[in-house]
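Computed from the coordinates by the stated procedures, all read-outs in this text should not be read as laboratory data. The model shown is predicted, which means the values in this text are computed figures rather than measured ones. Note: ideal-geometry Cβ built from the backbone for every residue, glycine included; neighbour counts use all protein chains shown.
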Ligand SMILES: Nc1ncnc2c1ncn2[C@@H]1O[C@H](COP(=O)(O)OP(=O)(O)O)[C@@H](O)[C@H]1O
Ligand SMILES: [Mg+2]
């Protein structure tokens, strides 16, 4: 299905104390089913805003957004979000955090044993079966982020939305989770939109990289096709000329064509 | 090694408060030496032993054991405080959740909160035409503010992330309340409750002095009329210790519910 997620001429204006602030303009984007798309750009350019528009947490000032042919009128579990700072509810165990979403989506049609099984499967998918009864403050940052991903995946969303999901993690944990995410996405054939500011992460994981210009009134500058074969291996790619070429293209966009004003 | 740890614990956590108490008693003893009217620590101690050897006697309505007096005061506090929680906490939730209500009530709260609790006593006497409900009314009105204010603050400070989770999951209002709003607000609410119980216990002694009846406050007043200064000093200690215990109970509760 072409155009599984569709953004048509979207514009986002915030009302601030200093008056209207145009965050995004003229956003045109079509995402295919099963595609992995990254949004990359300098801090403050509007990546989260675009992701929140797809999530339905924000509504566009003008323009239209669709998911699976239906207009996006608000948030919903068919577009599960993995938030940057995990957003697990601290008073619930890992199991309960995931179960909350499972119950919401499948509670009307499935019995308790099935809901429980779905929750346990999601925990197993991110290799956290042993942390079932743990509270968020009892596990590491990387594990929390994995629970966040499990919570989102357990709802079997049409689209998985991730806002810098690994941004707060150390490099080793991040690499490990990226590899895990690649496997999970291949297994579940999920459609993913991920915000990142990490060039390597974007090239490694994506089918396409959406590169955004700087704000205010940011828009999509270029879209890069990442035609590296899957499954991808970070070690093999380290010596792959095409990988470096793609990486170079993103770097050039970010640091030459659209260098950050303050940084320049 | 172990004896050293024990020594360290003794010198850092046990010794200082003991020294503080010893200092107070020493000062008190010195003062008592110079003043005829003020009984010394030893005399007060003997009096206390006697008093607490039979805390639950009953000789008519105005002469009851210290235990009854404390329990009566605690009961008044519990009633007024319970009513305040019953109304103040839900009200706090609504004020925190709905901007309109917040704007509507905030001038009223700012106006009424600084009023001295005892200023409400005449109104209570006027409306209820009885001393006991008037005392409970004073407890109610003085402990409701911290509960409203802290609960509302907790709701307002709810991290946007949690609400985003609720929105993405499309939870029902009831689920949002039970699974997100209530647990997230609980620590704030308990702070309000702790502040309220401190005020309530402060106020009951003063209120009972004015309203009479069985209670630690009236007992103090009664002993003043009898010129029994030892009992007044004992009452001060009792009020202090009960207040401390109430506070500790709530600190302990709050610890159990913090994440
Ligand atoms: N609710 C809001 N009100 C006003 N301005 C906002 C709001 N959300 C985001 N912005 C502004 O929009 C711009 C884009 O923000 P954001 O999407 O968070 O950037 P990014 O995720 O790329 O770092 C920023 O300049 C930010 O200050
Ligand atoms: Mg962002």
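Side notes on the structure shown:
- Protection-proxy order for peptides B:205-212, B:152-159, each taking the mean of Cβ atoms within 10 Å per residue, highest first: B:205-212, B:152-159
- Per-peptide average of other Cβ atoms within 10 Å, ordering B:82-92, A:202-212 highest first: A:202-212, B:82-92
- For chain B, adding -39500 (n - 2.57) for each run of n ≥ 4 DSSP H residues and dividing by the number of residues yields -26000 deg cm²/dmol at 222 nm.
- Peptide B:180-190 has a mean of 1 when you count, residue by residue, the C-beta atoms of other protein chains within 10 Å of its C-beta.
- Antiparallel content of DSSP bridges confined to the protein assembly as shown, in %, to 5: 55 percent
- Computed log10 I(q)/I(0) for chain B at 0.13, 0.17 Å⁻¹: -0.97, -1.24, from the Debye equation with unit scatterers placed on every C-alpha and solvent omitted.
- For region B:82-185, diffusion coefficient by Stokes-Einstein and Kirkwood Rh (Cα), 10 °C, 1.306 mPa s, µm²/s: 104 µm²/s
- Take every Cα pair under 8 Å whose residues are at least 6 apart in sequence, average their separation, divide by the length of chain B, and the relative contact order is 22 percent.
- Within 10 Å of each Cβ in B:166-175, the average number of Cβ atoms from other chains: 6
- Short-range pairs are left out: with C-alpha atoms under 8 Å and at least six residues apart, the relative contact order of chain A is 24 percent.
- Relative contact order (%) - criterion: Cα under 8 Å, at least six apart; region: region B:15-91: 14 percent
- From most to least packed by mean Cβ count within 10 Å, the peptides A:42-54, B:6-18 give A:42-54, B:6-18.
- Legend: calculated FRET efficiency, residue B:22 to residue B:105, from the Cβ-Cβ distance at R0 = 60 Å, rounded to 0.05, equals 0.75.
- Each principal axis of the Cα atoms in the protein assembly as shown has its own extent, and those three values, largest first, are 99, 64, 56 angstrom.
- Taking the C-alpha atoms of region B:102-145, convex hull volume expressed per residue in Å³: 68 Å³
- Per-residue mean of C-beta atoms belonging to partner chains within 10 Å, peptide A:73-82: 3
- Computed from the C-beta positions of residue B:75 and residue A:3, the FRET efficiency with R₀ = 60 Å rounds to 0.30.
- Along its first, second and third principal axes, ordered by size, chain A spans 53, 46, 37 Å in Cα coordinates.
- Calculated FRET value between residue B:157 and residue B:116, using beta carbons and R₀ = 22 Å, to 0.05: 0.15
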